[in-house]
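Shown next, in structure tokens, is the structure this report addresses.
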Amino acid sequence: MIEYRNLKVALLGGGNVGANVAALLLEHGDELASRAGAGLELIGVAVRDLDAERSPSIPRELLTTDAEALILGADIVIELIGGLEPARTLVLKAINSGADVITGNKALLATHGPELFDAAEQVGAQLYYEAAVGGAIPIIRPLRDSLAGDRVTRILGIVNGTTNYILDLMDTEGASMEDALAKATALGYAEADPTADVGGYDAAQKAAILASLAFHTTVPLDSVYREGITEVTLEQVQAARKAGYVVKLLAVAERLAIPGTSEFGVSARVHPALIPLEHPLATVHQAKNAVFVEAEAAGSLMFYGAGAGGKETASAVLGDLVSAARRHVVGGPGVAESTHANLAVLPMSAVTTRYQITLTVVDEPGVLAAIATLFAEHGVSVETVSQSVTGHGDESLTATLVIGTHAATESSLASTVEALASNAAVSSIESVLRVEGL
Ligand code: HSE
């Protein structure tokens with residue numbers, strides 16, 4: 001029988017993920033100890049309400065409401081409280097007491113990441129956060145370690161399960177946005193306030209974390225462009241499928257050349273986008289997540305799986321626990337967060353992408369030519385046009401034009417759309433969607 005050194009583990013938060021972490025740690029402790037080379041003793045679970053119902057249940061003797069006292073006795077602290085405070089204060093306390101910290105808190109990392117990483121570096125502690133993006137999906141460690149020898153150029157992520165579930169139900173069953181959201185909420189996918197999901201805020205936090213890691217640059221949350229799915233209509237989703245696309249809420253992080261210089265910058269954005277049906281991300285259904293990574297040498301990689309769920313996310317937390325324990329056994333300062341590239345963080349106006357614009361226009365001679373000229377005048381090159389005669393307007397025949405563009409800047413597109421809106425031949429702009437993954 002091998003005698004292991006014992007490491008004391010404190011768990012902050014007894015919610016869905018926390019309860020599953022406690023249960024799995026108590027159940028598989030010996031196996032994890034063999035992998036870590038150290039015993040992992042759960043010394044307590046800090047909760048707000050000792051009497052709350054938990055599933056799975058946590059032994060009563062492990063529960064405490066005194067998180068600060070629990071932290072002081074721990075070698076490794078797992079923070080699964082969520083939100084900014086008291087999580088930030090407790091994580092800083094844990095770091096400053098010399099503990100390694102494991103967190104699944106995307107809001108905390110996206111908002112206060114640099115402060116926490118600096119604090120950890122000062123004392124030689126480690127901060128692990130595999131569970132913060134993509135639940136069970138290993139994506140943090142692949143970006144930080146496996147791809148450390150490569151240069152990532154782009155990430156396209158479906159990183160919010162609730163919105164993927166909603167858009168998928170609209171696409172596959174013709175459900176309305178409202179019905180699909182109600183189902184997602186009933187199934188427990190949505191955040192307590194679903195605005196975080198449907199507004200794209202949850203995905204923006206994850207985009208900031210992925211972009212920072214992939215491009216070795218601090219990407220602040222407020223530099224992530226964000227649009228949610230609230231404006232997406234069933235008509236758009238159905239028209240997209242007919243045209244060979246599916247609508248997904250994407251987190252896009254890119255390394256972009258800065259025009260007129262030899263420099264590169266980073267951009268991160270979240271918005272609904274059309275994805276060709278043959279792209280691997282188009283096969284991501286229901287509440288599943290996937291992160292599609294493009295790297296110079298590795299080419300394209302896709303990481304797919306459960307983006308949420310208590311037991312699933314606990315898997316990522318326990319993986320971090322084994323890594324943290326191994327470092328305690330081996331010693332040494334650990335890996336500091338890599339921000340060496342320090343690239344410029346670019347605004348959305350610097351991004352170029354393709355667009356699909358659907359217009360209802362008056363069906364008269366010269367209209368198509370006038371619209372094509374308008375695109376040209378604003379520096380947007382048209383790639384495809386399809387027209388169908390749809391009916392009669394007040395006085396004239398109307399047609400629907402679906403225009404696909406070559407890559408254009410956001411600013412060129414915005415001025416094109418503005419000009420279209422005030423053009424007499426345009427009855428209405430039905431939809432403007434970005435196209436990704438071509
Ligand atoms: N509400 C989130 C989602 C949970 O729908 O993906 C995981 O962060």
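The values are calculated or read from the model by the stated rules, or taken from the named source; none is laboratory data. If you're wondering where the values come from, they're calculated on a predicted model, not measured in any experiment. Here the Cβ is made from the backbone with ideal geometry for all residues, glycine too, and neighbour counts use every protein chain on show. Surface accessibility is based on the protein's heavy atoms, side chains included, excluding ligands, DNA and RNA. Shrake-Rupley method; radii C 1.70, N 1.55, O 1.52, S 1.80 Å.
Annotation: average projected area of the stretch 140-306 is 10.3 square nanometres, based on the convex hull of Cα atoms across all directions.
A simple spin-label model places pseudo-atoms 7 Å from Cα toward Cβ; at D30 and E294 they are separated by 5.0 nm.
For the stretch 351-435, what is the per residue volume of the convex hull drawn over the alpha-carbon atoms, in cubic angstrom? Intermediate results must be reported in sequence, preceding the final value.
Details: hull volume 6.5 nm³, N = 85.
Dividing the Cα hull volume of the stretch 351-435 by its residues yields 77 Å³.
Amide hydrogen proximity for S427: with H placed 1.01 Å from N in the peptide plane, the residues at 5 or more positions away or on another chain lying under 5 Å are T360, V361, V362.
Averaging Cα coordinates gives a centre for the stretch 372-438 and one for the stretch 128-156; these two points are 38 Å apart. Check which residues have an amide H placed less than 5 Å from V385's amide H, if you skip close sequence neighbours. For V385, whose amide H was placed from the backbone, the distant partners under 5 Å are G404.
If you run the Gaussian network model on the chain, springs between alpha carbon atoms under 10 Å, then out of E294, E263, E41 the most flexible one is E263.
Show that you can apply the helix-only estimate: for the chain, add -39,500 (n - 2.57) for every DSSP H stretch of four or more residues, divide by all residues, and state [θ] at 222 nm to the nearest 500. Can you show the working numbers first?
Working: 12 runs with 149 residues, N = 438.
Result for the chain, helices only: -10500 deg cm²/dmol.
Ignoring ligands, DNA and RNA, how do H340, H406 rank by accessible area with a 1.4 Å probe, largest first? It would help to have the intermediate numbers written out before the result.
Working: H340 140, H406 75 Å².
Correct descending sequence by accessible area is H340, H406.
For the chain, a crude dipole built from +1 on the beta carbon of Lys and Arg and -1 on the beta carbon of Asp and Glu, taken about the Cα centre, is about 960 debye to the nearest 20. For the residues L343, L213, a 1.4 Å probe over the protein chains yields an accessible-area ranking, largest first, of L343, L213. 3J(HN,Hα) along the stretch 272-286, derived from phi through the Karplus expression 6.51 cos²θ - 1.76 cosθ + 1.60 where θ = phi - 60°, amounts to x, 8, 8, 10, x, 4, 7, 6, x, 5, 5, 8, 8, 9, 6 Hz, with x in place of Gly and Pro.
Between L84 and A257, what is 0.36 nm times their sequence separation minus the Cα-Cα distance? Round to one decimal in nm. Provide the component values of the computation, followed by the final result.
Numbers: separation 173, 0.36 × 173 = 62.28 nm, distance 3.43 nm.
58.9 nm is the gain from fully extending L84 to A257.
The H on the amide N of E191, modeled in the peptide plane, is under 5 Å from the matching H of D197, each at least 5 residues off or on a different chain. Each residue, S349 and L92, gets one label point 7 Å from its Cα in the Cβ direction; the gap between the two is 3.5 nm. Rounded to the nearest 0.05, the FRET efficiency derived from the C-beta distance between E364 and E278 at R0 = 51 Å is 0.85.
For the residues V382, V252, V21, a GNM of the chain with alpha-carbon springs under 10 Å puts the largest fluctuation on V382. The eigenvalues of the Cα gyration tensor, multiplied by 5 and square-rooted, give the stretch 28-138 an equivalent ellipsoid with semi-axes of 22, 18, 16 Å from largest to smallest. Among A107, A184, A69, the largest mean-square fluctuation in a Gaussian network model of the chain, built with springs joining Cα atoms closer than 10 Å, belongs to A69. Here's the picture: a label point sits 7 Å out from the Cα of R241 along the beta-carbon direction, and within the stretch 151-185 the residues with their amide nitrogen under 17 Å of it are 164-181.
Treating only the Cβ of Lys, Arg, Asp and Glu as charged (+1, +1, -1, -1), what charge dipole size does the stretch 149-188 show about its Cα centre? Round to the nearest 20 debye.
On the way: 3 positive and 6 negative charges, 58 e Å.
Its charge dipole is roughly 280 debye.
Converting phi to 3J(HN,Hα) with the Karplus coefficients 6.51, -1.76 and 1.60 and the offset θ = phi - 60°, the stretch 41-56 yields 9, 6, 8, x, 10, 7, 9, 7, 10, 5, 9, 5, 5, 10, 9, x Hz in sequence order, with x at every glycine or proline.
Each residue of the stretch 384-389 was assigned a 3J(HN,Hα) from its phi angle through the Karplus expression (A = 6.51, B = -1.76, C = 1.60, θ = phi - 60°), giving 9, 9, 10, 10, 9, 7 Hz with x at Gly and Pro. Here the gap between S411 and V123, fully extended at 0.36 nm per residue and compared with their Cα-Cα distance, gives a gain of 99.2 nm.
Among the complete DSSP H segments of the chain, which ones combine at least 27 Å of alpha-carbon extent along their axis with a mean Kyte-Doolittle hydropathy of -1.0 or more?
Values: long enough: 310-330 (30 Å, 0.26).
Correct list, ordered by number: 310-330.
Could you give the Stokes-Einstein D for the chain in µm² per second, using the C-alpha Kirkwood radius, 4 °C, 1.567 mPa s? Working shown, then result.
Numbers: Rh = 23.4 Å.
The estimated diffusion coefficient comes to 55 µm²/s.
If the chain between S381 and R326 were fully stretched, how many nm would it gain, using 0.36 nm times the residue separation less the Cα-Cα distance? Intermediate values should be presented prior to the final figure.
On the way: separation 55, 0.36 × 55 = 19.80 nm, distance 5.48 nm.
Extra length from S381 to R326 when fully extended: 14.3 nm.
Alpha carbon centre of the stretch 281-323 versus the stretch 21-100: separation in Å? If you average the Cα positions of each part, the centres end up 24 Å apart.
Using Cβ point charges alone (K and R +1, D and E -1), the dipole size of the stretch 351-435 about the Cα centre works out to roughly 320 debye. Normalised by 2.2 N^0.38 Å, where N counts its residues, the alpha-carbon radius of gyration of the stretch 117-210 equals 1.35. Just to confirm a number: summing +1 for Lys and Arg and -1 for Asp and Glu over residues other than G305 whose beta-carbon lies under 10 angstrom from that of G305, what do you get? Computed value for this residue: 0. Farthest toward the positive end of the dipole of the stretch 38-115, out of I102, L63, I76, is the Cα of I102, where the dipole comes from beta carbon charges about the Cα centre.
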